[in-house]
Amino acid sequence: RERLRKMFEAELDRMIPQDPQQPMKGRTFRDFEMQGVQLKQTVVPAVLEELAGLDEAAVVASAGRCPHCGSDRTYLEKEVVKKEVRSPDGPAVLERQQARCCACDGSFSPSGS
């Protein structure tokens, strides 16, 4: 919540200065509209990242069964992979756990999509 609050406040300060003596940026409705688009492209992907990280299925304690061969001889890899996904509002970076199967040497993400 704090990260999102800081991002939003920074964008708000950029658009509407706290000092009423300072002029706002832009003079036309189109200028204001583009500032709104910039706000959305900055804040919405961050909201998606935070929501995805808070989902209970985002982090698992064990790898589970291999989706390739069905073996339960699997393990979680130590490193978490950062994957960029595209949303309509811009790119969001999500962390994904990776697992590997000892039986078929396949790799998979145990937390799903």
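For a quick check of your reading of the model, give me the residue pairs whose first member lies in region 37-53 and is more than 15 Å from Glu84 (Cβ to Cβ), whose second is surrounded by 14 or more Cβ atoms within 10 Å (Cβ to Cβ) and among the aromatic types (Phe, Trp, Tyr), with beta-carbon atoms closer than 6 Å and at least 6 apart or on different chains.
Short answer, once both residue conditions are applied: Val43/Phe8.
Restricting the search to region 56-112, which residues are in a loop (DSSP other than H, G, I, E, B), under 29 Å from Leu39 (Cβ atoms) and without any contact (Cβ under 8 Å) to a residue 40 or more places away in the chain?
Across region 56-112, the qualifying residue is only Pro88.
Any read-out appearing in this document is the output of simple, stated calculations on the displayed coordinates, not a laboratory observation. Fair warning: this is a prediction, and the values are worked out from it, not measured in the lab. Note that we place each Cβ from the backbone using ideal geometry, even for glycine, and neighbour counts take in every protein chain shown.
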